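The values are calculated or read from the model by the stated rules, or taken from the named source; none is laboratory data. From a predicted model like this one, the values you see are computed outputs, not experimental measurements. Here the Cβ is made from the backbone with ideal geometry for all residues, glycine too, and neighbour counts use every protein chain on show. Heavy atoms of the whole protein, side chains included, go into the accessibility calculation; ligands, DNA and RNA do not. Shrake-Rupley method; radii C 1.70, N 1.55, O 1.52, S 1.80 Å.
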Amino acid sequence: MTIFKLNDFDGNDQDIDLTPADVLFIAGKNGSGKSTLCLNWARQHPENPILLGNRELSIKGSAVDITPNDINNYLGYVAGEIAHGDTTRTNRSNHNNQDWLSVTLGQLDSQRIYYLDQRVQAHDAGLTDAAQKLKQKDPIAQINQVFESIGLHLEISVDKTSTYMVKKDEFDAEFGIQHMSDGERAALILISKVVLAEDGQTITIDEPERHMHRSISSPPLRELIRRRPELTWIISTHDVALLRDFTEAKLLVLYDYNGQGWKYDLLENTSDIPDEVVDGI
């Protein structure tokens, strides 16, 4: 169980208890403090990954161009900014910029190489079942499986220079991932962050509709939640239709934020959203 503290207007706090497989949506009008709350909770639990809501999704290139040491340094810097910085929401270094995306690609590649090495060792030792299980942990295989399950006809591959290529059903030739469409690239980043999350973590996704149309965002969210029941999910959104796609989820409605706390309601599900909430969103 993970406990998140939520203050009201009078400074009183309530514990929001979430356990693995729980999905909590946060909804409210502009200015109600959704992104501020997501960052506040990220500070309470800095071990958890957060996908911020800004929509800068350009990738430098398709080849991994960052070392493991650079990855650790960058992640440490961003964690420090989230924990202590007053400009986390506005400082470009904390958002989905090219450096941040290079780090994500580098993390994928490190995990891919690790599980490939473990699989070879298991195979050489004659541990066929173990080798097969390790094959399923390959992050690229997992990404491709999600693409297939949600009807995105894409397949990611990696060549010997750690260059990430994509093939679409309707084209014979492969092309670098930096040439994917905005929606496809956003789906890749979302799926990658979830694949990279460690068991027991809470993953926060701030406004997925800013990156993808609901026809693209809803299916991968549902598929990823199904695939990773050991994760806890916090999703901030303006999209009422997205809420109605997840009627079994909990809903935190934010009405206002006064700089100290929030006016809010916590609902056990999203199946019967009050009309005034829908109008406000």
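Only strands (runs of 3 or more DSSP E) whose full extent lies in the range 1-66 are considered here, and none of them has at least 3 residues that are of a type outside the set (A, V, I, L, M, F, W, C), at pLDDT 95 or above and surrounded by fewer than 13 Cβ atoms within 10 Å (Cβ to Cβ).
Residue by residue, here is whether (1) of a type in the set (D, E, K, R); (2) over 30 Å from residue 111 (Cα atoms) holds:
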position	(1), (2)
190	no, no
210	yes, no
223	yes, no
239	yes, yes
249	no, yes
267	no, yes
278	no, yes
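Report, by residue number, each residue of the range 121-159 that is under 30 Å from residue 178 (Cα atoms) and among the hydrophobic types (A, V, I, L, M, F, W, C).
Answer for the range 121-159, where residues must be under 30 Å from residue 178 (Cα atoms) and among the hydrophobic types (A, V, I, L, M, F, W, C): 134, 140, 141, 143, 146, 147, 150, 152, 154, 156, 158.
Taken together, the residues in the range 149-164 that are under 21 Å from residue 119 (Cβ atoms) and not β-branched (Val, Ile, Thr) amount to 6. All of (1) surrounded by fewer than 16 Cβ atoms within 10 Å (Cβ to Cβ); (2) at pLDDT 90 or above hold for residue 92 with one exception: (2).
A single entry from 155, 209, 184, 148 fulfils the requirement of being of a type outside the set (S, T, N, Q) and touching a His at 6+ places or on another chain (Cβ under 7 Å): 209. Taking first residues from the range 142-158 that are polar (S, T, N, Q) and partners that are open to solvent by 30 Å² or more (accessible area, probe 1.4 Å), the Cβ contacts under 6 Å between residues at least 6 apart in sequence or on separate chains come to 144/155; 157/165. In the range 126-168, the qualifying residues are those that are touching a helix residue (DSSP H, G or I) at 6+ places or on another chain (Cβ under 7 Å), open to solvent by less than 30 Å² (accessible area, probe 1.4 Å) and part of a strand (DSSP E or B), and the one that is nearest to residue 62 (Cα to Cα) is 164.
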